[in-house]
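We did not get these values from a lab; they are worked out from the coordinates using the rules stated. Nothing here was measured: the structure is a model prediction, and the numbers come from that model. So basically every Cβ, Gly included, is an ideal-geometry build from the backbone, and we count neighbours across all protein chains shown.
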Amino acid sequence: MYRGGSSYASGRPPSPLRCLAPQPPSMVLFHVHNACASNAGSRAATRRHVDYGRTYVVRPKGRHRATIVWLHGLGDSGASWYQLLESLPLPNIKWICPTAPTRPVALLGGFPCTAWFDVADPSQDGPDDADGLEASAAHIANLLSSEPADVKLGIGGFSMGAATALHSASCFAHGRYGNGGRYPINLSAVVGLSGWLPCSRSLKAKVESSQEAARRAASLPLLLCHGTGDGVVPYKQGERSAETLRMSGFRNLTFKAYNGLEHYTIPEEMDAVCKWLTARLRLDGSRA
């Protein structure tokens with residue numbers, strides 16, 4: 001796990017479900033409720049009007065060659081991932097770390113929490129909050145829309161953030177949001193850690209809707225990582241999501257399993273993310 005120092009951010013988990021250090025499963029929900037309680041006084045998010053929180057930006061230390069929006073997990077904020085991403089040896093990447101709106105979450109009995117969409121069951125079998133997913137996908141696309149034309153664009157995330165990133169990947173492949181509006185971003189990479197695939201039931205039909213959609217799906221590089229000891233989003237959900245994506249036409253997909261890893265990240269996993277991004281985005285790792 002992350003233990004601090006010059007190379008990595010602090011290992012103490014500042015917020016829920018994105019824990020950088022292992023905790024007993026009984027403590028996970030405790031942290032969720034307490035972190036969400038601190039946001040209870042915020043203006044409630046609704047389907048008609050969504051207030052997003054603060055966005056944190058890690059500026060590239062070298063030549064700007066790629067921009068990636070990184071999405072936190074349930075009850076978290078962009079601040080904690082900002083600290084970790086800033087320490088990664090990827091000087092040519094600009095990281096944008098937004099904070100999700102506060103909204104009632106069915107998984108927590110309707111308790112208000114920062115969340116990219118409402119969720120009752122973090123799996124492919126649970127009901128999908130299509131409106132919430134669409135709103136978040138549009139917000140992410142808006143964050144990327146003003147990036148320079150010669151910069152490659154990507155989306156990544158942890159847990160619920162990973163699920164949201166995968167939904168954006170499906171929008172990119174289809175070329176449209178679920179409401180029929182055009183998806184405006186040309187994605188070059190998508191990363192999902194400890195997440196799941198939402199709206200999976202309609203994915204294959206969307207990809208097969210046109211030759212162009214099938215081409216985009218087949219060419220989009222995807223990296224999914226999951227710990228076999230994950231008790232929040234079980235490993236089988238991550239494995240099943242990867243298989244569903246492959247069966248739906250996302251052939252350029254890498255799935256990495258981490259033996260015994262629970263619902264948090266470790267240096268080994270983040271090193272793999274760095275190497276994968278460097279290769280897929282054709283970054284040379286230099287500051288030039």
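So if each residue of separation counts as 0.36 nm, and I subtract the Cα-Cα distance between Asp121 and Arg201, what length gain in nm does that give?
Values: separation 80, 0.36 × 80 = 28.80 nm, distance 1.51 nm.
Contour length minus the Cα-Cα distance gives 27.3 nm.
For the stretch 186-226, state the semi-axes of the equivalent ellipsoid (square roots of 5 times the eigenvalues of the alpha-carbon gyration tensor), sorted largest first and rounded to whole angstrom. Please report the intermediate quantities before stating the final value.
On the way: eigenvalues 80, 42, 8 Å².
Calculated on Cα positions only, the semi-axes equal 20, 14, 6 Å.
For a quick check of your reading of the filter: which trypsin sites (Lys or Arg not before Pro) in the stretch 96-184 sit in a DSSP loop and have no more than 16 other Cβ atoms within 10 Å? It would help to have the intermediate numbers written out before the result.
On the way: sites: Lys152, Arg176, Arg182; in loops: none.
In loop regions of the stretch 96-184 (DSSP not H, G, I, E or B), there are no sparsely surrounded trypsin sites (Lys or Arg not before Pro).
At Ala106 and Lys236, where each label point lies 7 Å from the Cα along Cα→Cβ, what is the point-to-point distance in nanometres?
Between Ala106 and Lys236, the label points sit 2.1 nm apart.
Antiparallel as a % of all DSSP beta bridges within the stretch 173-288, to the nearest 5? Write down the numbers at each step before the final one.
Working: 1 of 11 bridges.
Bridges in the stretch 173-288 are about 10 percent antiparallel.
If each residue of separation counts as 0.36 nm, what is the full-extension length gain between His64 and Met247 once their alpha-carbon separation is subtracted?
On the way: separation 183, 0.36 × 183 = 65.88 nm, distance 3.47 nm.
Extra length from His64 to Met247 when fully extended: 62.4 nm.
Report the relative contact order of the stretch 197-288, percent, no decimals, based on alpha-carbon pairs under 8 angstrom and at least 6 residues apart. Please report the intermediate quantities before stating the final value.
Details: 99 pairs, mean separation 28.2, N = 92.
Worked out over the stretch 197-288, it gives 31 percent.
At what distance in angstrom do the alpha carbon centres of the stretch 63-102 and the stretch 121-198 lie from each other?
Distance between centres, Cα-based: 15 Å.
Which value in nm describes the separation of the simple spin-label points at Ala257 and Asp150, placed 7 Å from the Cα toward the beta carbon?
Rounded to a tenth, the inter-label distance reads 4.4 nm.
How compact and how long is the stretch 184-276, expressed as Rg and Dmax of its alpha-carbon atoms in Å?
13.8, 41
With r defined as the distance between the Cβ atoms of Asp51 and Asn186 and R0 fixed at 30 Å, what FRET efficiency is calculated, to the nearest 0.05? It would help to have the intermediate numbers written out before the result.
Working: r = 28 Å, r/R0 = 0.94.
Given R0 = 30 Å and the Cβ-Cβ separation, E is 0.60.
Taking the C-alpha atoms of the stretch 46-105, how large are the radius of gyration and the largest Cα-Cα span, Dmax, in Å?
13.2, 41
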